[in-house]
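The structure appears below as structure tokens.
Read-outs throughout are calculated quantities, based only on the coordinates presented, and are distinct from any laboratory measurement. Please read these numbers as outputs of a predicted model, since none were measured by experiment. Here the Cβ is made from the backbone with ideal geometry for all residues, glycine too, and neighbour counts use every protein chain on show.
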Amino acid sequence: MTKGSLYIISGPSGAGKGTVYDEVVSRRPTIKKSISVTTRAPREGEIEGVHYYFKTMEEYQEMIARGEFLETAEVYCNCYGTPKAPVLEMLNKGYDVMFEIDIHGAKNIKKQYPDAIAIFLMTPSFEILEERLRARGTESEDSIRRRLRAAKGELSKYKMFDYIVFNDNKEKAIDEVISIIDAEKRKIKNNVEEINLILESKKK
């Protein structure tokens, strides 16, 4: 059985990566979500084990000590980490795994798995990003400014990513991410086993 591939969606807060991530996974049954662990409090509508695994800081630190994370980072005073065991299990079963993580997590995943495909999701301009952050109605002025500064820093590290998708239209962005995945699937290096099977069958 061919092992699955890793895909990363990253980008600044307000770029719409959560929405795109959810839609891509829902439309591709062979892609499984990597569910992160976090120390932050659940937001309205979030479900344990579906959106995140919610842990206390003490529980989180114990997981770090046991080496249970692929990557871990502190973001806006909360900790987020990717548990190792479920990701490896899904890959070994032949599923692709998709991460929705911040740029620090993306860097750590790429360091451990250089073949992971990293996609940076961004708005066409910082002005549009600011509009989206303000439209949430949940961010203070200081928070908006902090997130915009962070977004500029994240975009400046674009060279670590394989693709960029400009999210000016949700459906278009979803289609572009799916097209990237489909193109990666057709690369020769990802089809060597199937090609060899065809060659072997011709010899018989």
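Can you tell me the FRET efficiency between Leu88 and Ile198 if r is taken as the Cβ-Cβ distance and R0 is 30 Å, rounded to the nearest 0.05? It comes out at approximately 0.55. Shown is the FRET efficiency for Ser143 and Asp115, computed with R0 = 35 Å from the Cβ-Cβ distance and rounded to the nearest 0.05: 0.45. Take each peptide in 3-9, 45-51, count the other Cβ atoms within 10 Å of every residue, and average; sorted highest first, the result is 3-9, 45-51.
Exposure proxy for Lys157, Lys32, Lys187: other Cβ atoms within 10 Å of each Cβ, ordered fewest to most, give Lys187, Lys157, Lys32. Estimated purely from DSSP H runs of n ≥ 4, each contributing -39500 (n - 2.57), the mean residue ellipticity at 222 nm for the chain is -14000 deg cm²/dmol once divided by its residues. Summary value for the chain: 30 percent relative contact order, contacts being C-alpha pairs under 8 angstrom separated by 6+ residues. Pairs from the list Lys111/Lys170; Lys33/Lys157; Lys84/Lys111; Lys107/Lys159 with a Cα-Cα gap above 18 Å: Lys111/Lys170; Lys33/Lys157.
Highest mobility in the GNM of the chain, judged by mean-square fluctuation with C-alpha springs under 10 Å and restricted to Glu194, Glu131, Glu59, is found for Glu194. Normalising the Debye intensity of the range 94-194 to I(0), with uniform scatterers on Cα atoms only, and taking log10 at q = 0.11, 0.23, 0.24 Å⁻¹ returns -0.42, -1.36, -1.41.
Here the 3J(HN,Hα) profile of the range 111-119, calculated from phi with Karplus coefficients 6.51, -1.76 and 1.60 at θ = phi - 60°, is 5, 7, 10, x, 7, 4, 8, 9, 10 Hz, Gly and Pro shown as x. Measuring from a point 7 Å past the Cα of Asp175 along Cα-to-C-beta, which residues in the range 8-47 have an amide N at less than 18 Å? Residues 20-21, 23-28 qualify, since their backbone N sits under 18 Å from the label point.
Relative to the longest principal axis of the Cα atoms of the chain, the long axis of helix 192-203 lies at roughly 10 degrees.
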